[in-house]
Every structure is written in structure tokens, then in C-alpha cells.
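Report on one structure; see the data block that follows.
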Amino acid sequence: MTILTVPSPQEITEPAWRGEKETMVLNMGPHHPSTHGVLRLVLELDGEIVVNVAPDVGYLHTGIEKTMEHKTYQKAIVLTDRTDYLAPLSNNLSYVLAVEKLLDCEIPERAQVARVLLTELTRIGSHLVWLGTHALDLAAMSVFLYAFREREQILDIFELVSGARMMTSYFRVGGLAYDLTADFLPTVKTFLDSMPGHADEYEDLLTHNPLWLDRTVDVGAINAEDAIAYGLSGANLRATGVPWDMRKMVPYCGYETYTFDIPVGEKGDIYDRYRVRMAEVRQSVRIALQAYERLVDMGPGPYVTSDRKIAPPPKSEITHSMESLIHHFKLWTEGFKPPRGDAYVGIESPRGILGTYVVSDGGPKPYRVHFRTPSFINLQALPHMARGRLVADLVALIASMDPVLGEVDR
């Protein structure tokens, strides 16, 4: 199989000649409203036909991975929120699972189930942003308003448990930052009961809409073989018919005990990516309801590890135990010290496989942290899917891939 190489932006600097037709080089971005972040695309165009595309990334680079080397393991969690800012809890989860693997730390069941419930709500919320902005890019205004209406409810749930709507930092090494509040479960149940009806509403507006079909069917297609060669993951890969989902293939947080399906497409075009993500919203509701029922059945319980060398003791202990007070002081001034070694954990984020690689030198701060971010990997297939299409199709194609540039650049 021949892999098409993508020229760098420096290589596309002046008009090229193809036969007797002159092509034009045009910048799209880095502040174009259709690029879903600060992305620059260098386009080579033959009229309105895309001849070549060179993605130019790095405009949101903040040095998060390097900064984490100067934070203790627990304090570095706040930086993970700011990579994929539409799925902060997924970022939290991938990182804390890697650190917990280094520590060989046991996590209470209540925390495990809460993590599953909250990351599935995160997946729904992220897909709602994708759906609303994708529809808006193709001039469907109403869907954007409806999708953000439901997303507000999810952000209210995050605020209920963490005090923050987006940058929650709620998952901690060893469990959760705080216990679930008394009104958490009823609020979640109300949302989950209403969400399938809202999903029906979105699909009534789009799935059989002739304008939507004209802009999405057979546009930006990629086959399974090429998708695998480019390293695609998440809905972008499953839309080609490959049923790969980390929650099924390499289970974590007890996902092997939940019942759900892996939606797949056939053509790998924009329409299939839309249908797969809409089906994923319904499957996330299904998983979240199972997690809800487990939390109801198990009742109150520990939400963080009892190992006081990893998680700080509760205030009730600090008031009468000098040992607990010492643990608290040491953890928040120095941090815990995992043994020397490294660990990698991959999870299924809303955009695909999100992996965290952590290296420990035996000190209280990570020696090295690196993220395998799905948006960065997925974006490299954009030129392959865009060649030969119209510029207007490129706008729809970028939206269908659902990249988050904070995750691409880090």
C-alpha cells in the first residue's frame, strides 16, 4: 500500500503547475472559525478543488508535558484538564490510571464506578459540542442551540461534584477528590432519562435531511486499511467499519463488566462519522445508567484509597491523630514517591485512544510525562481525505474529524 506523503508548509510556498493549469496557494487560518481551534492549513487549490493540504500546528503549544515535570504527581492533574478542554475528566482518568499503575494502588469500587459514570457523561458532552459546531459549520443553526442546551446540564453535574464546570481536576491518584454529593444521583438520573429523547430530536433534524446528506454522504471518505495505516482511532476509525474500542479491547475501570455495543460505519465518510458518534451518545447513556444503578445499590462507601502515603487522610482524622497530620503535611509539601520505573495506560477518550506515559525516577515529581493524543494522530489523515474535494467540503471534513487543538499542540 502506498502512503501519500504530506508536504510541509515550507514546501508549498508558491504556485505550482499541473499540466496547463495554475494552482493557487491559500492560507486557511490560523484563526479561521471553521478550524475548531487555532489551526493553520496551507491549501494548494485548483479553482475551488483541493489539490493538497498541509496542516501547520503549534499555535496553542503551552508546554504542558514539560511543566508537569516540575509539579508533584497530584498537583500535575490540573494541567491534564487543559489539553483536551472538552473532555477534562477523560484526561484526568488516563493520567491517574498511569500513576496508579506505577504505585500499584488499589482503588475503591465506588470511585471506579463514579469514574465510569462521569467519563461517559464527558463523552456525551464532548459529542454534543462536536454535533452543534459541526451542524453550525454546515449552516444548521438550531442543532447547535439544542446540543448546548443538554451540555449545560452535564456541566451542572460536573459543578455539583467538583465545584468547576470544565476544569474539574476531580479524579485524583487513589480515587476521587471529594465524595459524591447527596443530590448527584437524582440529578444524573433526570438527565439520563431525558437524553435519548433529545438524541431523537437531533436525528430528526439531520439524519434524513437532504441538505445534510448532500454535504456529508460520500464526502471525505477513507477506507479501513488507510485509516489503520494513518493511526486513526475513535469514531474516525470505527466509521470505516473497524470495531476497535479500548473499553472493549483493553478494558480499564471495570468496563468489561458493563454491557454496551461498538457502533461502526461502512464507508468512512463524513456521514458515517456522524452516525457513529450519534450511536455512541446512546451507548454512553446505556453505560452511565448501569453505573448509576451500581452506585445506588452499593450506597455510601470509601471514595479514595485508604493508603495514607498516597491520599491525604480526612479532616476528621487530622484533628486527633498526629500521624494523620504528618501524612497530610508531607503529601501536600513533598508529595508521594512512586518506585523507579515507567507506566503506560490508554483509554477511549471522545476523540479516540488517549494514552499517558509516565516515567518515575523515584522522586516526588514525574521524570517524564508524554500523552498520545488522538487529535494529533487523526489530523495527519486530513490531506488524504481532502484531496480532490471542494474547499467547502474541507470545512465539513475538519468538523467531522472533531479535533481539539489544545490536545494537538499541548
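Please compute the alpha carbon radius of gyration of the range 41-127, then divide it by the globular-protein estimate 2.2 N^0.38 Å. Two decimals is fine.
Rounded to two decimals, the normalised Rg is 1.55.
Taking the range 363-410 on its own, what percent of its Cα-Cα pair distances exceed 14 Å? Working shown, then result.
On the way: 657 of 1128 pairs.
That tail contains 58 percent of the Cα-Cα pairs.
What is the total of Lys pairs in the range 72-388 with C-alpha atoms under 17 Å apart, excluding same-chain pairs fewer than 8 positions apart?
So the count works out to 13.
With everything on Cα atoms, drop me the angle between helix 141-162 and the longest principal axis of the chain, reported from 0 to 90° to the nearest 10.
The angle comes out at about 20 degrees.
GNM on the chain, C-alpha springs below 10 Å: top fluctuator among N27, N378, N52?
Most flexible of the set in this elastic network: N27.
Rank the residues R368, R115 as a footprinting-exposure proxy: fewest other Cβ atoms within 10 Å of their Cβ go first.
R368, R115
Ignoring everything except DSSP H segments at least 4 long, calculate the 222 nm mean residue ellipticity for the chain; use -39,500 (n - 2.57) per segment, divide by total residues, nearest 500.
Per the formula, -14500 deg cm²/dmol.
Taking the 0 to 90 degree range and rounding to the nearest ten, how far is the long axis of helix 109-137 tilted relative to the main principal axis of the chain, both from C-alpha atoms?
Between helix and principal axis, roughly 20 degrees.
Over the C-alpha atoms of the range 87-220, what are the Rg and the largest Cα-to-Cα span, Dmax, in Å?
Values for the range 87-220 (Cα only, Rg and Dmax): 17.5, 54 Å.
Within 12 Å, Cβ to Cβ, of D409, how many net charges do the neighbouring residues add up to if Lys/Arg are +1 and Asp/Glu are -1?
Here the charged neighbours net out to -1.
If you take the Cα Rg of the range 72-388 and divide it by 2.2 N^0.38 Å, with N the number of residues, what do you get?
Relative to the 2.2 N^0.38 Å estimate, the range 72-388 comes out at 1.05.
Evaluate the relative contact order of the chain (contact order divided by residue number), counting alpha-carbon pairs under 8 angstrom at least 6 apart; express in whole percent.
Worked out over the chain, it gives 25 percent.
So what is the relative contact order for the range 88-208, in percent, with contacts set as C-alpha pairs under 8 Å and at least six apart?
Relative contact order here is 29 percent.
With θ taken as phi - 60° and the coefficients 6.51, -1.76 and 1.60, list the Karplus ³J(HN,Hα) couplings across the range 85-92 in order, rounded to whole Hz; mark glycine and proline as x.
6, 9, 9, x, 5, 5, 5, 3
Can you give me the long-range amide H partners of D342? Hydrogens built in the peptide plane at 1.01 Å from N, cutoff under 5 Å, separation of 5 or more residues or another chain.
S360
Would you please put 73-80, 316-323 in order of how densely packed they are, using the mean number of other Cβ atoms within 10 angstrom per residue and starting with the highest?
73-80, 316-323
I need the phi-derived Karplus couplings for the range 57-66: 6.51 cos²θ - 1.76 cosθ + 1.60, θ = phi - 60°, integer Hz, Gly and Pro marked x.
9, x, 6, 10, 5, 10, x, 4, 4, 5
Apply the Karplus parameterisation 6.51 cos²θ - 1.76 cosθ + 1.60, with θ equal to phi minus 60°, to every residue of the range 257-262 and state each ³J(HN,Hα) to the nearest whole Hz, in sequence, with x for glycine and proline.
3J(HN,Hα) across the range 257-262, in whole Hz: 9, 9, 9, 6, 10, 10.
Report, by chain and number, residues whose modeled amide H sits under 5 Å from the one on L45, excluding near sequence neighbours (fewer than 5 apart, same chain).
Counting only residues 5 or more places away or on other chains, the set is M24, V25, L26, V51.
Bear in mind that the values in this text are calculations on the coordinates, not laboratory data. Just so it is clear, the model here is predicted, and its values are computed rather than measured. Glycine gets a Cβ as well: all are built from the backbone with ideal geometry, and neighbour counts include every protein chain shown.
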